[in-house]
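Following: one structure in structure tokens, then a few remarks.
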Amino acid sequence: MAVAELNGAAIVNEASFLAESRRAFGFHTASGDTIDTWVDCLSYLRDDENMTKFRLQPDEVLEIVITDSAALRARLPDLVDEIVFCVGGINERYEDYGEKPALELVLR
């Protein structure tokens, strides 16, 4: 299983979440720094788009681990809720295309 780890202690706002995501997922700097771009990049993990450093096999899952998540939730509850919502939406997108969900979110 592929794993991307985000340091929750380094996330103090949406901009730092996106910067930490760029580091963990290998997003291209030209991809932009928005939640919409985050969703788009993680929606093509099994394609040849090269939007992240990960290329998943048909049944493979990318585990997204966010460390220090309790403190992150206390600091930015709306952001954590948005991440959870987006991961669910991305997995639904994969299912809509007849694929297995590609993401598993782990809050540590």
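Please treat every number below as a calculation from the coordinates, not as lab data. The model shown is predicted, which means the values in this text are computed figures rather than measured ones. Counting neighbours? That spans all protein chains shown, and the Cβs are built from the backbone with ideal geometry, glycine included.
Relative to the Cα centre, what is the charge dipole magnitude of the chain, using +1 at the beta carbon of each Lys and Arg, -1 at the beta carbon of each Asp and Glu, and rounding to the nearest 20 debye?
420 debye
Give me the mean projected area, in nm² to one decimal, of the convex hull enclosing the Cα positions of region 46-87.
3.8 nm²
Can you compute 3J(HN,Hα) from phi for each residue in region 73-79, using the Karplus curve 6.51 cos²θ - 1.76 cosθ + 1.60 with θ = phi - 60°, rounded to whole Hz and x for Gly and Pro?
Residue by residue, region 73-79 yields 4, 5, 7, 9, x, 5, 5 Hz.
Please list, in chain and number order, the residues 5+ apart from Val65 or on another chain whose amide H is under 5 Å from its amide H, with Hs placed from the backbone.
Ala4, Glu5, Leu6, Val106
If R₀ is 22 angstrom, what is the calculated FRET efficiency for the pair His28 and Glu63, using the beta carbon separation as r and rounding to 0.05?
After rounding to 0.05, the efficiency reads 0.50.
What list of ³J(HN,Hα) couplings, whole Hz, do you get for region 11-23 from phi and the Karplus terms 6.51, -1.76, 1.60, once you set θ to phi - 60° and write x for glycine and proline?
Listing the rounded values in order: 9, 10, 6, 4, 4, 6, 4, 5, 5, 5, 5, 4, 5 Hz.
Can you give the direction-averaged projected area of the convex hull of the alpha-carbon atoms in the chain, in nm²?
Its average projected convex-hull area is 5.9 nm².
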